[in-house]
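Have a look at the structure below before the remarks.
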Amino acid sequence: MIVTTDQLFQIAYGNFALGAYNINNMEQCIGLFQGNLDSQAPFIIQISRSGRKYARIKMLEGLIRSAEEVFPEAIFAVHLDHGDEETAYDCIDSGFYSSVMIDASHHELKENIAITKRVVDRALQVHGGLGMTDDTIIAHFYRHERASRIYDGVDEVHKVSVARQILKPYANKPVK
């Protein structure tokens, strides 16, 4: 059964080391499911951007869905591993992925933050109220990402606040 990463962490916490595995073909998929069932451990299937391209995403998702039917007792999450912005959007929109990891490290910090904001905002738009409750992973990321918006310099709120402070001494003085 595909679960959210938050649900997976709750199941694993204190009971299992939680493995995350990249798969690209049927043999890897069967081995992963069977091995984790033998150990009775939940797991994360990681799909990289290159893996999605190599194995063709429809085939890879079909393989995982088939394995879910063959191994119904398996508990796992599906995670985009090191995706770019467009791949993250595709995975968020698909509803198949439990989580996505955006890798914008090759961009300057300011652009990296901007990309992260867009991806988090997209996830919130697609998954709606899930991001508005405190018990979901998107709520956690949204809170932290929103707070990071003050780290990257002046925005409109800062400009208004600074302007108020500068103009405060002149508030009650008549204009000449």
Check segment 35-50 and report whether any residue there is outside any loop (DSSP other than H, G, I, E, B), within 21 Å of Val119 (Cβ to Cβ) and among the basic types (Lys, Arg). yes
From the options Arg56, Arg52, residue that is surrounded by 17 or more Cβ atoms within 10 Å (Cβ to Cβ) and basic (Lys, Arg): Arg52
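Being surrounded by 16 or more Cβ atoms within 10 Å (Cβ to Cβ) and free of Cβ contacts under 8 Å to residues at least 40 places away in the same chain is the filter here, so list the residues in segment 31-43 that pass it.
From segment 31-43, those surrounded by 16 or more Cβ atoms within 10 Å (Cβ to Cβ) are 32-33, 36, 41-43; that's our starting set.
Answer for segment 31-43, where residues must be surrounded by 16 or more Cβ atoms within 10 Å (Cβ to Cβ) and free of Cβ contacts under 8 Å to residues at least 40 places away in the same chain: Leu32, Ala41, Pro42, Phe43.
Assess whether Arg65 counts as being more than 15 Å from the chain's Cα centre (by Cα) and at positive phi. Can you show your working first?
Details: more than 15 Å from the chain's Cα centre (by Cα): yes; at positive phi: no.
For Arg65, the condition - more than 15 Å from the chain's Cα centre (by Cα) and at positive phi - is not met.
A short reminder: the numbers here are calculations on the coordinates, not readings from a lab. Worth saying up front: this structure is predicted, and the values here are computed from it rather than measured. Every residue, glycine as well, gets a Cβ built from its backbone with ideal geometry; the counts of neighbours run over all protein chains shown.
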